1. Residue 130 to residue 17: FRET efficiency via 1/(1 + (r/R0)^6), r the Cβ-Cβ distance, R0 35 Å, to the nearest 0.05?
2. Compare 78, 28, 108 in a GNM of the chain, Cα atoms joined below 10 Å, and give the one with the largest fluctuation.
3. Within the stretch 84-103, find all residues whose amide N lies under 20 Å from a label point positioned 7 Å from the Cα of residue 28 along Cα-to-beta-carbon.
4. Going 7 Å from the Cα of residue 139 in the Cα-to-Cβ direction, what parts of the stretch 40-84 have a backbone nitrogen less than 12 Å from that spot?
5. If you place +1 on the Cβ of every Lys and Arg, -1 on the Cβ of every Asp and Glu, and leave all else neutral, what size is the dipole of the stretch 5-149 about its Cα centre, to the nearest 20 Debye?
6. Expected output is a single nm value to one decimal: the length gained when fully extending between residue 108 and residue 5, i.e. 0.36 nm times separation in residues minus the C-alpha distance. What is it?
7. Taking all protein chains as present, what is the carbon and sulfur share of the accessible area of the stretch 44-149, in % to the nearest whole number, probe 1.4 Å?
8. Taking only Cα atoms and a 10 Å spring cutoff, compute GNM fluctuations for the chain and point out the largest among 131, 77, 119.
Amino acid sequence: MFTPKPIGFVRSHYTRTEEIPKGLGAKHEAEGVLDILPEFGDGLTDIEGFSHLFVIWEFDRSEGFKLLGTPPSDDRPHGVFATRSPRRPNPIGLTVVELLSRGGLLLHVRGVDMLDGTPILDIKPYLSGVPQEALKRGWLAEAEARKGK
Ligand SMILES: C[S@@+](CC[C@H](N)C(=O)[O-])C[C@H]1O[C@@H](n2cnc3c(N)ncnc32)[C@H](O)[C@@H]1O
């Protein structure tokens, strides 16, 4: 296995996990910056043409993992791999953000749900390929239906 190394850090207004919207209907519209380290700058070449990006990052402030847990969006437990819990065997987060602009090594984005200073492991262009009608939302759809969302 490789040893992960940050390619940059998230700059966000969130300093505490409680500040980040959670649960059913939570919207992630906060703006932030992906601050890329100079040694990886060339890797941003041509990124401006993409409207959305996958950001792969480390839950650097979560401890341990829980295989079964009750997420804020439901009152029933689910397996960690059926949720987006921060407490995972490998503490890796994945967020889709909208790329608003680029200024050199700084990517200004909308949709951050990460704490300020979160290490970024990778960035990839988001290319959605799953048609809406083929997408199943599992327990989340059931939780939404129960709550009338
Ligand atoms: C439910 S997770 C989802 C994250 C990502 N969108 C995903 O699906 O992997 C989002 C929560 O992770 C927590 N979080 C954000 N940044 C973190 C960090 N650097 N370390 C630990 N927890 C963090 C916050 O509580 C936030 O509400």
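The values are calculated or read from the model by the stated rules, or taken from the named source; none is laboratory data. None of the values given here were measured: they were computed from a predicted structure. Positions of Cβ are backbone-derived with ideal geometry, glycine not excepted, and every protein chain shown enters the neighbour counts. Ligands, DNA and RNA are excluded from the accessible area calculation, which covers all protein heavy atoms including side chains. Shrake-Rupley method; radii C 1.70, N 1.55, O 1.52, S 1.80 Å.
1. Values: r = 29 Å, r/R0 = 0.84.
For residue 130 and residue 17, the calculated efficiency is 0.75.
2. In the Gaussian network model the winner is 78.
3. 84-102
4. Inside the label zone: 67-84.
5. Details: 19 positive and 21 negative charges, 136 e Å.
Using Cβ point charges on Lys, Arg, Asp and Glu, the stretch 5-149 gives about 660 debye.
6. Numbers: separation 103, 0.36 × 103 = 37.08 nm, distance 2.16 nm.
Between residue 108 and residue 5, full extension yields 34.9 nm more.
7. Values: 3650 of 6650 Å².
Ligands and nucleic acids excluded, carbon and sulfur give 55 percent.
8. The residue with the greatest mean-square fluctuation here is 131.
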